[in-house]
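Student: Following this message is one structure expressed as structure tokens.
The values are calculated or read from the model by the stated rules, or taken from the named source; none is laboratory data. The model shown is predicted, which means the values in this text are computed figures rather than measured ones. Positions of Cβ are generated from backbone atoms using ideal geometry, with glycine treated the same way; all protein chains shown enter the neighbour counts.
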Amino acid sequence: MQLNYSNIILQSIQPAWLPSQTEAAMLRLDLLHPGISGNKWFKLRYNLQQAAAAGKTRIVTFGGAWSNHIAATAVACKLAGLQSTGIIRGEASIIPSHTLQQAQQYDMELRFISREAYRQKESTDWAAQYPDGFIIPEGGHNAAGAAGCKEILSLAPTQRFTHILCPVGTGTTLAGLINSAQPQQQVLGIAVLKGAAYLQHEVEALLEKPAHAHWQLLHDFHGGGYAKISTALTSFINTFYRETGVPLDIIYTGKMVWALQQLLQQGYFPPGSRILLIHTGGLQGNSSLAPGVLCF
């Protein structure tokens, strides 16, 4: 199974707050596929290949009620002719989230477990429970996921950029970008979780040796924590859309672009910097908002 990458574009962006001496562009991975958007496909691609090579007929993976990874995995498995099971954190709601409804439409089996059991998922023998299953960690966080994300920078002429920014949940995409970036480029990961110092180790564990690109995790732009949404953030996302035509999501890319604005105000980037932002998709997560909060 392979997706057509022709929809992905490298789009120049010029919001009002971008200094005239700074160039910025966005790699629009969100345009890849309506159901497998952004970086999700790249984290799934080699996992699906390994599942097929191992003769597995089911993908078993993990996430919350609004997980982009769960939604994308359901679609990808349907297209690949595989069954899928989502181990979902927390109790089932009377009215499932938009994400879980979509997963069910693509025939994903949903299995809800308590938050305590979910915290123990790494030590649970899922292979014994699903002998036909290939286990993919939450968010596609494994070596196969990072290997897929290593291909992202090859989708467009990205060598001229001095800085590469991406939002960070599990660190898988960031690791892939570091593994493929040029030695003179700096890769910045914008952590969207509060108190996520552990991500340093998670990223380092997926880096190739030697890793040449300079990189850094920035932890001051989570906006209060994962899935913490403010009116200031949604207002920023709306203004950015009106100025550029690029829709952002409230969990990942919105916080990444907002971080860029603040870093520019702080003088983080030298004049003449050329900044590449990775649009990791996730727009389906905006469905958790009330109608009309976002203008797109």
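Student: Scan the stretch 256-275 and tell me whether some residue there is surrounded by 16 or more Cβ atoms within 10 Å (Cβ to Cβ), in contact with a strand residue (DSSP E or B) (Cβ under 6 Å, 6 or more places away or on another chain), under 21 Å from residue 37 (Cα atoms) and in the same structural domain as residue 184 (by TED's automatic domain parsing).
Tutor: There is at least one residue in the stretch 256-275 that is surrounded by 16 or more Cβ atoms within 10 Å (Cβ to Cβ), in contact with a strand residue (DSSP E or B) (Cβ under 6 Å, 6 or more places away or on another chain), under 21 Å from residue 37 (Cα atoms) and in the same structural domain as residue 184 (by TED's automatic domain parsing).
Student: Quick check, is residue 53 at pLDDT 95 or above and under 22 Å from residue 252 (Cα atoms)?
Tutor: The answer is no for residue 53.
Student: Now for a separate question. For residue 177, state whether it is touching a Phe, Trp or Tyr at 6+ places or on another chain (Cβ under 9 Å), among the aliphatic types (A, V, I, L, M) and in a loop (DSSP other than H, G, I, E, B).
Tutor: no
Student: Another question, then. What do you reckon, is residue 144 among the aliphatic types (A, V, I, L, M), outside any strand (DSSP E or B) and either under 25 Å from residue 250 (Cβ atoms) or without any contact (Cβ under 8 Å) to a residue 12 or more places away in the chain (or both)? Before the answer, list the steps.
Tutor: On the way: among the aliphatic types (A, V, I, L, M): yes; outside any strand (DSSP E or B): yes; either under 25 Å from residue 250 (Cβ atoms) or without any contact (Cβ under 8 Å) to a residue 12 or more places away in the chain (or both): no.
Against the criterion (among the aliphatic types (A, V, I, L, M), outside any strand (DSSP E or B) and either under 25 Å from residue 250 (Cβ atoms) or without any contact (Cβ under 8 Å) to a residue 12 or more places away in the chain (or both)), residue 144 does not qualify.
Student: What are the residues in the stretch 23-65 that are assigned to a loop (DSSP other than H, G, I, E, B), touching a Phe, Trp or Tyr at 6+ places or on another chain (Cβ under 8 Å) and surrounded by fewer than 18 Cβ atoms within 10 Å (Cβ to Cβ), if any? Lay out the reasoning, then the answer.
Tutor: First pass over the stretch 23-65, keeping only residues assigned to a loop (DSSP other than H, G, I, E, B): 32-39, 54-57, 64-65.
Narrowing further to those that are touching a Phe, Trp or Tyr at 6+ places or on another chain (Cβ under 8 Å): 32-33, 35, 54, 56.
The one that is assigned to a loop (DSSP other than H, G, I, E, B), touching a Phe, Trp or Tyr at 6+ places or on another chain (Cβ under 8 Å) and surrounded by fewer than 18 Cβ atoms within 10 Å (Cβ to Cβ): 54.
Student: Out of the residues in the stretch 116-143 that are hydrophobic (A, V, I, L, M, F, W, C) and more than 24 Å from the chain's Cα centre (by Cα), which is farthest from residue 193 (Cα to Cα)?
Tutor: Here the answer is 128.
Student: Determine if the stretch 156-165 includes at least one residue that is assigned to a loop (DSSP other than H, G, I, E, B), in contact with a helix residue (DSSP H, G or I) (Cβ under 9 Å, 6 or more places away or on another chain) and closer than 25 Å to residue 250 by Cα.
Tutor: No, the stretch 156-165 contains no residue that is assigned to a loop (DSSP other than H, G, I, E, B), in contact with a helix residue (DSSP H, G or I) (Cβ under 9 Å, 6 or more places away or on another chain) and closer than 25 Å to residue 250 by Cα.
Student: Taking the condition assigned by TED's automatic domain parsing to the domain that holds residue 168, farther than 24 Å from residue 139 by Cβ and in a helix (DSSP H, G or I), does residue 233 pass?
Tutor: no
Student: Please identify the pairs in which a residue from the stretch 58-84 that is under 15 Å from residue 134 (Cα atoms) has its Cβ atom under 8 Å from the Cβ atom of a residue that is surrounded by 24 or more Cβ atoms within 10 Å (Cβ to Cβ) and of a type in the set (D, E, K, R), counting only partners at least 6 apart or on another chain.
Tutor: So the pair list comes out as 73/40; 76/40.
Student: How do the pairs read when you match residues in the stretch 232-255 that are without any contact (Cβ under 8 Å) to a residue 24 or more places away in the chain with residues anywhere that are outside any helix (DSSP H, G or I), using Cβ under 7 Å and keeping only pairs 6 or more apart or on different chains?
Tutor: Taking only residues 6 or more apart or on different chains, the pairs are 254/248.
Student: Further question on the same structure: Does residue 113 fit the bill of being at pLDDT below 95 and over 20 Å from the mean Cα position of the chain (by Cα)?
Tutor: no
Student: Please specify each residue of the stretch 257-285 satisfying the condition of being in contact with a Gly (Cβ under 9 Å, 6 or more places away or on another chain) and part of a helix (DSSP H, G or I).
Tutor: Filtering the stretch 257-285 down to residues in contact with a Gly (Cβ under 9 Å, 6 or more places away or on another chain) leaves 258, 278-284.
Listed by number, the residues that qualify are 258, 283, 284.
Student: Taking the stated definitions as given, is residue 195 assigned to a helix (DSSP H, G or I) and surrounded by fewer than 23 Cβ atoms within 10 Å (Cβ to Cβ)?
Tutor: Spelling it out, it is not the case that residue 195 is assigned to a helix (DSSP H, G or I) and surrounded by fewer than 23 Cβ atoms within 10 Å (Cβ to Cβ).
Student: Do you know which of the residues in the stretch 85-109 that are in contact (Cβ under 8 Å) with a residue 40 or more places away in the chain and buried (at least 19 other Cβ atoms within 10 Å of the Cβ) is farthest from residue 283 (Cα to Cα)?
Tutor: Filtering first and then ranking leaves 85.
Student: Test residue 207 against the criterion of being among the aliphatic types (A, V, I, L, M), in contact with a strand residue (DSSP E or B) (Cβ under 8 Å, 6 or more places away or on another chain) and modelled with pLDDT of 95 or more, and give yes or no.
Tutor: The answer is no for residue 207.
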